[in-house]
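Take a look at the structure set out below.
The values are calculated or read from the model by the stated rules, or taken from the named source; none is laboratory data. Computed from a prediction, not measured in an experiment: that's the story for all the values here. Neighbour counts run over all protein chains shown; Cβ positions are idealised from the backbone, glycine included. Quick note on the areas: whole protein, heavy atoms, side chains included, nothing else; ligands and nucleic acids left out. Shrake-Rupley method; radii C 1.70, N 1.55, O 1.52, S 1.80 Å.
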Amino acid sequence: MTTVYPSIKRISGNNIASPLGYRAAGLHCGIKHKKNDLALLVSDVPANAAGVYTTNAVQAAPLLVTKEAIDQSGMMQAIIVNSGNANACTGKQGFMDARTMQQMTAEKLGISSHLVGVASTGVIGEKMPMNCIHSGIPRLEPAPGLKGSIDFSQSILTTDTVSKNTAYRVEIDGKTITIAGTAKGSGMIHPNMATMLGFVTTDAAIESKHLHQALTSVVDRTFNSITVDGDTSTNDMVIVMANGLAQNDSLSPSHPDWAVFVQTLLCVCEDLGKMIAKDGEGATKLIEVEVNGAISDAEARAIAKTVVGSPLVKTAIFGCDANWGRILAAVGYSGATLDPNAIRIQIGPAAVVEDGEPVAFSEEELIEYLKQPEIKLKVDVHQGDGHGLAWGCDLTYDYVQINASYRT
């Protein structure tokens with residue numbers, strides 16, 4: 001189970017520039033018809049950085065450029081992001097265009113190009129309209145505070161209906177550490193990192209290798225535990241920057257507050273992951289699946305992800321149908337170690353399966369429960385001490401409509 005640290009506090013007015021030394025901006029440059037589509041995030045000083053990337057074998061040029069930049073020095077100072085065009089499957093020209101975005105941003109800020117990351121999201125297979133990029137980058141003016149962060153978070157969206165932001169503070173070494181994040185993601189969301197864009201900033205002092213260790217451990221329990229539609233995208237990544245301006249002693253697994261830092265990072269990433277799941281294309285409900293009693297935490301998460309990713313479970317939740325058989329079937333094909341005669345399933349407040357068999361429940365009460373915007377399913381397989389959570393959304397008519405005409 002997750003340890004609770006009272007010193008971790010979520011802060012109001014949360015934004016990507018909440019930690020010391022960060023500035024952000026966003027504007028409309030013409031990639032999209034009207035909405036903001038170009039964004040810039042900057043640290044006042046070079047920051048240690050870490051990233052996790054999509055497992056799709058087809059990876060877009062911006063992702064490759066960003067990964068190369070972080071691999072070179074473990075540092076980053078700025079990220080240029082566009083929406084409306086993924087710059088994926090665009091060949092040599094796409095790679096050159098991503099490089100141009102990186103170089104133009106570096107020249108604007110007066111920093112080395114290897115300190116600039118590039119991220120793109122949108123339609124796959126179309127060349128980047130570089131005339132828009134050339135006119136847009138010079139007009140970006142990153143600023144601290146809320147407005148620049150709002151512009152940034154809105155500029156990275158595609159089919160999202162809301163921007164996604166969160167921030168937390170915690171005391172470490174007598175210093176106030178802030179970790180903030182913003183993300184986009186609505187469709188093409190499935191576990192296995194990352195099927196989304198996520199950007200996390202912190203003023204904590206931590207070396208890149210330890211930041212990467214913290215991020216990868218957190219990703220498994222957050223971004224890799226969400227699913228909207230089972231599709232893993234070509235562009236998606238989560239990048240964390242740590243500029244050290246809080247001036248704490250450098251964090252590492254041997255630091256007495258290492259667990260507190262990791263838990264704070266987990267809070268940020270879990271918030272963003274749940275926001276993405278809740279904002280799934282056409283979604284009307286957030287679904288949380290909690291699994292206990294698996295032989296390991298990994299198997300518990302696998303069961304939870306299988307249940308929340310089942311199209312039949314998702315449509316049943318949309319239709320307010322307490323069809324526990326679909327949940328039980330998903331548990332059964334999850335690949336986890338099971339005894340079918342030991343499974344317990346609960347929908348909201350009501351147990352519907354005990355020892356692998358149905359139990360009496362009020363259909364009317366569960367229909368009313370399933371009308372709520374957030375639905376919780378609990379599964380206990382009674383095989384061990386493993387615990388896991390996963391999040392997703394219902395599958396609606398609007399999902400089909402949105403994705404039937406996404407490109408056209």
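Evaluation of residue 270 against the conditions (1) closer than 30 Å to residue 86 by Cα; (2) open to solvent by less than 30 Å² (accessible area, probe 1.4 Å) shows that the sole unmet condition is (2).
For the stretch 286-309, the criterion of a residue being at pLDDT 95 or above, under 17 Å from residue 391 (Cβ atoms) and of a type in the set (S, T, N, Q) is satisfied by at least one position.
When the stretch 75-88 is examined, which residues are found to be farther than 13 Å from residue 38 by Cβ and open to solvent by 10 Å² or more (accessible area, probe 1.4 Å)? Within the stretch 75-88, 75, 77 meet the criteria. Hey, can you tell me all the residues within the stretch 303-332 that are of a type outside the set (D, E, K, R), open to solvent by 20 Å² or more (accessible area, probe 1.4 Å) and within 22 Å of residue 359 (Cα to Cα)? Correct list: 312, 319, 320, 323, 324, 325, 328, 329, 332. Scanning the stretch 106-145 for residues that are open to solvent by 20 Å² or more (accessible area, probe 1.4 Å) and more than 26 Å from residue 75 (Cα to Cα) yields a total of 9.
Selection of the stretch 243-267 for residues being buried (at least 22 other Cβ atoms within 10 Å of the Cβ) and aromatic (Phe, Trp, Tyr) yields only 261. Number of residues in the stretch 306-329 that are within 20 Å of residue 342 (Cα to Cα) and either within 21 Å of the chain's Cα centre (by Cα) or part of a helix (DSSP H, G or I) (or both): the value is 8. Taking the criterion of being open to solvent by 40 Å² or more (accessible area, probe 1.4 Å) and over 18 Å from residue 320 (Cα atoms), the residues of the stretch 369-392 that qualify are 380, 382, 383, 385, 389. If the condition is being under 34 Å from the mean Cα position of the chain (by Cα) and closer than 13 Å to residue 323 by Cα, then the stretch 351-368 contributes 351, 352, 353, 366, 367.
Conditions (1) open to solvent by less than 40 Å² (accessible area, probe 1.4 Å); (2) touching a Leu at 6+ places or on another chain (Cβ under 8 Å); (3) at pLDDT below 95; (4) closer than 20 Å to residue 80 by Cα, marked per residue:
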{"residue": "164", "(1), (2), (3), (4)": "yes, yes, yes, yes"}
{"residue": "169", "(1), (2), (3), (4)": "no, no, no, no"}
{"residue": "194", "(1), (2), (3), (4)": "yes, no, yes, yes"}
{"residue": "198", "(1), (2), (3), (4)": "yes, yes, yes, yes"}
{"residue": "221", "(1), (2), (3), (4)": "no, yes, yes, no"}
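Given the criteria β-branched (Val, Ile, Thr) and surrounded by fewer than 24 Cβ atoms within 10 Å (Cβ to Cβ), does residue 11 qualify? It would help to see each step written out before you state the result.
On the way: β-branched (Val, Ile, Thr): yes; surrounded by fewer than 24 Cβ atoms within 10 Å (Cβ to Cβ): yes.
Spelling it out, residue 11 is indeed β-branched (Val, Ile, Thr) and surrounded by fewer than 24 Cβ atoms within 10 Å (Cβ to Cβ).
Among residues of the stretch 342-364 that are in contact (Cβ under 8 Å) with a residue 12 or more places away in the chain and among the charged types (D, E, K, R), those with a Cβ under 8 angstrom from a residue that is part of a loop (DSSP other than H, G, I, E, B) and open to solvent by 90 Å² or more (accessible area, probe 1.4 Å), sequence gap 6+ or separate chain, pair up as 344/355; 344/382.
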